[in-house]
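Input: a single structure, listed below in structure tokens.
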Amino acid sequence: MYNINIAIDGPAGAGKSTAAKEIASRLGLKYIDTGAMYRALTWKGILKGINFDQSREIESLTSNTVINVEKGAGGSNLLYLDDIDVTAEIRDPAVNRKVSLVAKNSRVRDMMVSQQQEIASNGGVVMDGRDIGTNVLPGADFKFFITASLEERAKRRYLELKEQGHSTNLEEVQKDISLRDKIDTERELAPLVAAEDAILIDTTHLSVEEVIGKMVKHVKACIQAGSI
Ligand code: DC
């Protein structure tokens, strides 16, 4: 419906993907989950049994690897790794524990960022991740940075994992998220940080509908006012 690009960044479990998916559906845009792309590559590393402490082994994953993002049921993404559907596998807790190590590798980021820029080159996407507003789409028409307290984010992720049938506990999930936050925020390349011109939304005490409502209202108001 609109030929705009929307960048949504924030830490794990803040509610980015739920909001991004719904906003894309309400505005007729394509939803792209960039975290899922890093997860797919991490899954390949797990299958190949690489040593994630060796950057050279992580870099080897970028050769002869094809990652495709397709639209799935309910507007979610289907992730294909070398033509195999890995949508379910990339949510495995084993991937959660290694993905930040993969995402901080410069060759991996180069590969991902250029593919993401290509996907968004004709406009019409809602892209969520960590560096979309700062690095992938610095010229995006709209930028949002979504946060929530660590406890709230851990609770949400825990419930999500439980629903998907993974056996885990809240304490473990909170520890994983906290470690991922640390690596994502402190890494040298494209660290997790809000773009200067991003709109900040703390979702700790907001319902999903309140978050989405705020964002869609803002986008529509700007379009109507002709300010983009
Ligand atoms: O959003 P997520 O939990 O699926 O992201 C998985 C990991 O990928 C996370 O540790 C951060 C990283 N990531 C990134 O570095 N840049 C992005 N644009 C998206 C995700």
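The figures follow:
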read-out: For 200, 101, 137, 78, order by how many other beta-carbon atoms lie within 10 Å, fewest first; value: 200, 78, 101, 137
read-out: The chain - share of DSSP beta bridges that are antiparallel (%, nearest 5); value: 30
read-out: Kirkwood-type radius of region 30-140, with distances r between different C-alpha atoms, in Å; value: 14.2
read-out: Inter-probe distance in nm under a simple model that places probes 7 Å from Cα toward Cβ, at residue 56 and residue 166; value: 3.1
read-out: Global geometry of region 106-150, whether rounded, prolate or oblate, following the gyration tensor of its Cα atoms and the 1.5 cut on a/c; value: oblate
read-out: Cα shape, region 102-228, gyration tensor, a/c 1.5 rule; value: oblate
read-out: Positive-end residue, the chain charge dipole about Cα centroid, Cβ charges, pick of 105, 126, 36; value: 126
read-out: Solution diffusion estimate, µm²/s, Stokes-Einstein, the chain, Kirkwood Rh from C-alpha pairs, 4 °C, viscosity 1.567 mPa s; value: 73
read-out: Cross-link pairs 44/71; 44/220; 182/220; 48/143; 30/162 - those with Cα-Cα distance over 32 Å; value: 44/220; 182/220; 48/143
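Throughout, read-outs are computed from the coordinates displayed, never taken from laboratory work. These numbers come from a predicted model, not from an experiment. Ideal geometry is used to build each Cβ from the backbone, glycine not excepted, and the neighbour counts take in all protein chains shown.
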